[in-house]
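One structure is given below, encoded as structure tokens.
The values are calculated or read from the model by the stated rules, or taken from the named source; none is laboratory data. None of the values given here were measured: they were computed from a predicted structure. Backbone-built Cβ (ideal geometry, glycine too); neighbour counts: all protein chains shown. These area figures cover heavy atoms from the full protein model, side chains too; ligands, DNA and RNA do not enter into them. Shrake-Rupley method; radii C 1.70, N 1.55, O 1.52, S 1.80 Å.
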Amino acid sequence: MTSEMTGLTAHTALMSEARSLLTGALTAYRDVPRAAQWLHARLRRLDEPLRIGVVGARGVGKSTALNAVAGRGLRDAVLVEVTTPTPSQDSGGTGWDDVDASLFLTRHARPADLATLRSAQDSPVASALPVGVVLVLCRADETSAGRIDALTTARQLARRHRRDVRWRALCQNVVALSGLLAHTGRTLRESEFADLATLAAVPRAELENVLLSADRFVGADFPVPMDPATRHALLDRFGVFGLRLATTLVRTGCDTRATLSAQLVRRSGLAELRETVTRCFVDRGEVLRARSALLALELVLEREPHPTAGRLAAELERVVASAHEVRELHALGNLTSGRTALSPELTAEADRLLGGQGTEVAVRLGMAEPPSPADLHAATTNALLRWQRQAENPLLDQHDRGLVATVVRTCEGILADLSG
């Protein structure tokens, strides 16, 4: 068996199980119109692009974040705004169970947000396969009252939440984002750059005085000839913080629209968020779509009693118990967000073995040249023994012990495939 074939088999096993379960359930529920329609739609969704929901309270900036993240397109994925957090079999909106993964937007990551995230995992399948959520501290530019160090402070808060056991149990990563800054940076116009350059030429003390608030910026007492309509438009596009940052950047060397645009996007947190979305969601889209199918079947079995429900529930439980690909994804999320006390060398190896660099066996084992079956077997055996020793390390906490156990199970699975 070649390494590519092994990687493909491992990657599609859960999808095959989910498809088989939905097909069987659709046959069993063919005389129950509502359930049959729901199951048929979920079966069709298995062959569609990954659906990533943008979730958050009204006014939190969902549309801005959605436009920023999706601006350059996402491979094999679409972003949708979630309008209701409840199971939507009976609703008209897009609910959390209508998407395969979620960006949960919040300003301050409060206890109420924890409760909302817990409610999304309030079922046996969801709690057994806890993946698919990235927490986004949006409006990062408003942190620290919008001071010039607001984005740095927001990133520090994100790192603190990653280490918090309450949040790491519910989401794969925590990222700070200024959606407004990201979107404006991506779409910056030459005319806007010219206006910012005009503002940057104002003596610093005078400019800081009018940038103390939105009212001052659009007020009558302004230090340069710039009509109120232009100032209102700049305020809408940048916000007060964005104007402070953009004029500072222009003053300190960003002398072209392209340079300023790149700096605004980089500082917004968009690159980190898109990398997280790609790594945690898009690269494992098949696994997440299969997980959604299992959740959909669980919902049908709960809401529509049926003579075959017991058998289907037992099959569902068996598939969930053996869904190692999802546990790999959860472990990768912990590695991505830095939530591990493992050494940098072990962290890098765990990331690779869990499929963070690609799911083919040779890539997981770090073998650049096309290896022989004997080389693959030897490398896998060595990796398994190395991580089995780590599993006995008394200094590991419960969190890292679970991560190591996942790596061990991955190595065992690869070895079983190679020996089969």
Handout entry: Heavy-atom surface of the chain, accessible at 1.4 Å and reported per residue (Å²)
Key = 45
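Could you sort His108, His306, His377 by their accessible area in this structure, using a 1.4 Å probe and putting the largest first?
Largest accessible area first, the residues go His108, His377, His306.
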Practice task
Please determine, in degrees from 0 to 90 and to the nearest 10, the orientation of helix 324-336 with respect to the longest principal axis defined by the Cα atoms of the chain, where the helix direction is its Cα long axis.
Solution key: 30
Practice task
In Å³ and rounded to a whole number, note down the convex hull volume per residue for the Cα atoms of the chain.
Solution key: 162
Practice task
With a point put 7 Å past each Cα toward its Cβ, work out how far Gln37 is from Arg204 in nm, to one decimal.
Solution key: 6.5
Problem - Whole-percent carbon and sulfur share, accessible surface of the chain, 1.4 Å - result: 53
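Work out which trypsin sites (Lys or Arg not before Pro) in the chain are exposed loop sites (DSSP not H, G, I, E or B, at most 10 other Cβ within 10 Å) and give the longest gap free of them.
76-420
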Handout entry: Neighbour-limited loop hits for GluC sites (Glu not before Pro), region 347-410 (at most 12 other Cβ within 10 Å; DSSP other than H, G, I, E, B)
Key = Glu392
Practice task
May I ask you to evaluate 6.51 cos²θ - 1.76 cosθ + 1.60, the Karplus curve with θ = phi - 60°, for each residue of region 213-227 and list the ³J(HN,Hα) values in order in whole Hz, giving x for glycine and proline?
Solution key: 7, 5, 4, 5, 5, 9, x, 6, 8, 10, x, 9, x, 8, 5
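Report D for region 280-382 in µm² per second (integer): Stokes-Einstein, Kirkwood Rh on Cα pairs, 20 °C, 1.002 mPa s.
After rounding, the answer is 133 µm²/s.
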